[in-house]
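What follows is one structure encoded as structure tokens, with my remarks underneath.
The values are calculated or read from the model by the stated rules, or taken from the named source; none is laboratory data. Small disclaimer: the values here were computed from a predicted structure and weren't measured. Cβ coordinates were reconstructed from backbone atoms using ideal geometry, including for glycine residues, and neighbour counts include every protein chain displayed. Side chains are part of the model used for accessible areas, which takes the heavy atoms of the whole protein and leaves out ligands, DNA and RNA. Shrake-Rupley method; radii C 1.70, N 1.55, O 1.52, S 1.80 Å.
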Amino acid sequence: MAEQRYWEDIEVDAPVPPLMKNATPRQLVQWAGASGDYYEIHYHEKTALANMLPGIIVHGALKGAWLGQLLSDWVGEKGRVKKYSVSYRSMDVPGDSLTLTGKVTKKYVDGKDHVVEAEIWLQNGKGEKTTPGTAVVVFPSKK
Amino acid sequence: MTQGSVITDEMKKAIGVESEPTIVLIEKEPIRRFAAAIGDNNPLYRDEEYAKKLGYRSIIAPPGYQPQYSFPIKVPQMRAEAGPRFRLPFTRNLNGGDEYEFFQPIQAGDVLSITRRLGDVYERDGRMGKMLFTINETVFRNQKGEIVLIMRGTGISY
């Protein structure tokens, strides 16, 4: 685990520390089994091609879970993810180098919570944001 | 000229009607398997002793965990209890996106009661004609009746 960050250290417009992923077909099968999503377009090329896809594609919910990992790693064990949303705008394929990251948009105190809001996204090897979203997280405070 | 609406009275009536619950037990091994599938080696999702030191009863589920796909203990017996159904006007479907709102961490040993409801339905004119958006809300309550997670998924039919 990375070091614990505190709310006071987070600056608006600062990047969310990136997380790199590169899914193999094997990982997609592993995800299918672990999540229970057995739709064939994620592991059976013939079905994917018949659905006018370029080949097998990465599960949307796996990309969503990676964004969850990005946020949990960022807030650390003393922080908390309150809410995040993800929009599956374009597809991603196995073998591509994917980067998950984001940018802080706001920080404020809400009652006891030291809140940070961010835009988050997954970008493909060409730098295209295929999977954008937003997040609301809570960091511990030094005070 | 715009085409007529594809939203039927059947759909409008379905909005907000909650299904009977599906009951699932959150178990340790599926959490570990799920974390491995993401490629997340956070010990909170694997090592019970470690999680206990941080005040949890057992290992916790990572964000994005899909308890609705656990093999259930109990499911609604009657088709009608599984929530209202309606015919979609199109045959092609896409998963548009998901929203996760967390209230408490999901811990191994939790018995979750899962209910679903259609949150909203609306239509848009797209490049390929009309598109129907359905917002499906899934609410997860723990053994104390406390909401631990709300998921909102956007389905797109076109």
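Condition check ((1) at the interface with another protein chain (Cβ under 9 Å from one of its Cβ atoms); (2) at pLDDT 95 or above) across all residues:
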{"position": "A:Gly55", "(1), (2)": "no, no"}
{"position": "A:Ala61", "(1), (2)": "yes, no"}
{"position": "A:Trp66", "(1), (2)": "yes, yes"}
{"position": "A:Gly102", "(1), (2)": "no, yes"}
{"position": "A:Tyr108", "(1), (2)": "no, yes"}
{"position": "A:Gly111", "(1), (2)": "no, yes"}
{"position": "A:Gly125", "(1), (2)": "no, yes"}
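Residues in region B:41-57 that are of a type in the set (D, E, K, R) and open to solvent by less than 50 Å² (accessible area, probe 1.4 Å): B:Glu48 only.
Remark: pairs (first residue in region B:99-128, of a type in the set (Ser, Thr, Tyr); second residue open to solvent by 50 Å² or more (accessible area, probe 1.4 Å) and outside any strand (DSSP E or B); Cβ separation under 6 Å; 6+ apart in sequence or on different chains) = B:Thr115/B:Glu18.
For region B:83-111, enumerate the residues that are part of a strand (DSSP E or B), open to solvent by less than 30 Å² (accessible area, probe 1.4 Å) and in contact with a Leu (Cβ under 8 Å, 6 or more places away or on another chain).
Step one: of region B:83-111, the residues part of a strand (DSSP E or B) are B:93-102, B:107, B:111.
With the extra rule that they be open to solvent by less than 30 Å² (accessible area, probe 1.4 Å), the set shrinks to B:96-98, B:100, B:107.
Once the filter is applied, which keeps residues that are part of a strand (DSSP E or B), open to solvent by less than 30 Å² (accessible area, probe 1.4 Å) and in contact with a Leu (Cβ under 8 Å, 6 or more places away or on another chain), region B:83-111 yields only B:Tyr100.
When you check B:Glu10 against the structure, is it closer than 30 Å to A:Glu77 by Cβ, out of contact with any Cys (no Cβ under 9 Å at 6 or more places or on another chain) and more than 14 Å from chain A (Cβ to nearest Cβ), yes or no?
no
Only residues that are more than 16 Å from the chain's Cα centre (by Cα) and either under 19 Å from A:Lys103 (Cβ atoms) or not hydroxyl-bearing (Ser, Thr, Tyr) (or both): list them for region A:7-26, please.
Here is the first cut: in region A:7-26, the ones more than 16 Å from the chain's Cα centre (by Cα) are A:7-14, A:24-26.
If the condition is that a residue be more than 16 Å from the chain's Cα centre (by Cα) and either under 19 Å from A:Lys103 (Cβ atoms) or not hydroxyl-bearing (Ser, Thr, Tyr) (or both), then A:Trp7, A:Glu8, A:Asp9, A:Ile10, A:Glu11, A:Val12, A:Asp13, A:Ala14, A:Pro25, A:Arg26 are the ones that fit.
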